[in-house]
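Read through the structure below, which is laid out as C-alpha cells, and then see the notes.
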C-alpha cells in the first residue's frame, strides 16, 4: 500500500474477512504504480476484530432456518461505522457497495460514476450473505459482476476496483485509450493488431497500414459495430436507440 497519498486522492475502503487478499493484483502494473504514487489509496478493514464472544464470531444461523450462515448486523455495522469515519455522507460522493449476485450488473458507466466520486467503501460478503438490515440502514448499493456465485466478495471487489481506478486521471499512461476501448461508446472494441505485419500467413488488414487516418477510423467504427451486432445484440439495440438507428435494418445490411 502507498506510503504517500496526494491531497484529494481517490480512496477505497474494503471491509473483508481476508484483508491479506489486498492489494493483490491491484498492487501490480499501472494500478500498483498509481497506488505507490499516491494517486489513489487503499485501506482494508478486517471484519474479524468486530466479532462476538471468545471466538470472535462474525456470523450466525439464518433467522427462520435454512442452510449456511449469515454475517451479523451488529458485527458488519461496527465495521461500516469505522469505515465511514472521515468520509462524506452523500452516497454520490462516497458510495457504499455490497458485492452481491442479486445486485445491479456492473458496467463501464458504473465504473465511470465511481471514479468521479471521492472514494468508496466495499463490503465483501461471505457465507449466505449479510443481514438485510445492514443494506437498508447504511444505504448500501448492491452490485453484481454477473449471474454466478463466488465464495466471497474479494475477487469481485478487486475487479470492480481495477475497472474504476484505471479511469482516475493520471493512472493510465495514455488516458485517451479509455475513449476507444470496449463500452466507451456503447460498442465493443474494434480488433487490434501489431507487428509482425504477417504472422502464420495472416496479414494485418491493409487499411491499417495505409496511413489514411480517416479510412482507419471508418474501418474501426465498422468493425466495432459488427462485433457488437454479432456478440452483444443487447448492447447493439441500446446503441441504436441512442443514435436513432433501426437495429433490424442495420443487422440486415
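Rule-based calculations on the coordinates, nothing more; no lab input. Note that the coordinates shown come from a computational prediction; the quantities given were computed from them, not determined experimentally. Note: ideal-geometry Cβ built from the backbone for every residue, glycine included; neighbour counts use all protein chains shown.
Ranked highest first by the average count of other Cβ atoms within 10 Å around their residues, in what order do 9-15, 191-197, 57-63 fall?
Numbers: 9-15: 22.9, 191-197: 10.3, 57-63: 15.6.
Packing order, densest peptide first, comes out as 9-15, 57-63, 191-197.
Multiplying the residue separation of residue 6 and residue 185 by 0.36 nm and subtracting their alpha-carbon distance yields 61.3 nm.
Taking the DSSP bridge list for the chain and keeping only pairs wholly inside it, about 20 percent are antiparallel.
Relative to the dominant Cα principal axis of the chain, helix 213-231 is inclined by about 50°. Taking the chain as a Gaussian network of alpha-carbon nodes connected by springs under 10 Å, the highest mean-square fluctuation of the residues 82, 209, 108 belongs to 209.
Placing pseudo-labels 7 Å out from each Cα toward the beta carbon at residue 151 and residue 87 gives an inter-label distance of 2.6 nm. As a rough footprinting exposure proxy, the listed residues 123, 167 were ranked by other beta carbons within 10 Å of their own, and the order from fewest upward is 167, 123. Diffusion coefficient (Stokes-Einstein, Kirkwood radius over C-alpha pairs, 4 °C, 1.567 mPa s) for region 182-252: 97 µm²/s, rounded to a whole number. When you work out D = kT/(6 pi eta Rh) for the chain at 10 °C and 1.306 mPa s, using the Kirkwood radius from C-alpha pairs as Rh and the Stokes-Einstein form, the result is 76 µm²/s. Placing pseudo-labels 7 Å out from each Cα toward the beta carbon at residue 206 and residue 116 gives an inter-label distance of 4.4 nm.
Please list the three semi-axes, largest first and in whole Å, of the ellipsoid equivalent to region 16-161, using sqrt of 5 times the eigenvalues of its alpha carbon gyration tensor.
Working: eigenvalues 127, 58, 50 Å².
Computed over region 16-161, the values are 25, 17, 16 Å.
Here r is the Cβ-Cβ distance between residue 194 and residue 37 and R0 is 35 Å; the resulting FRET efficiency, rounded to 0.05, is 0.80.
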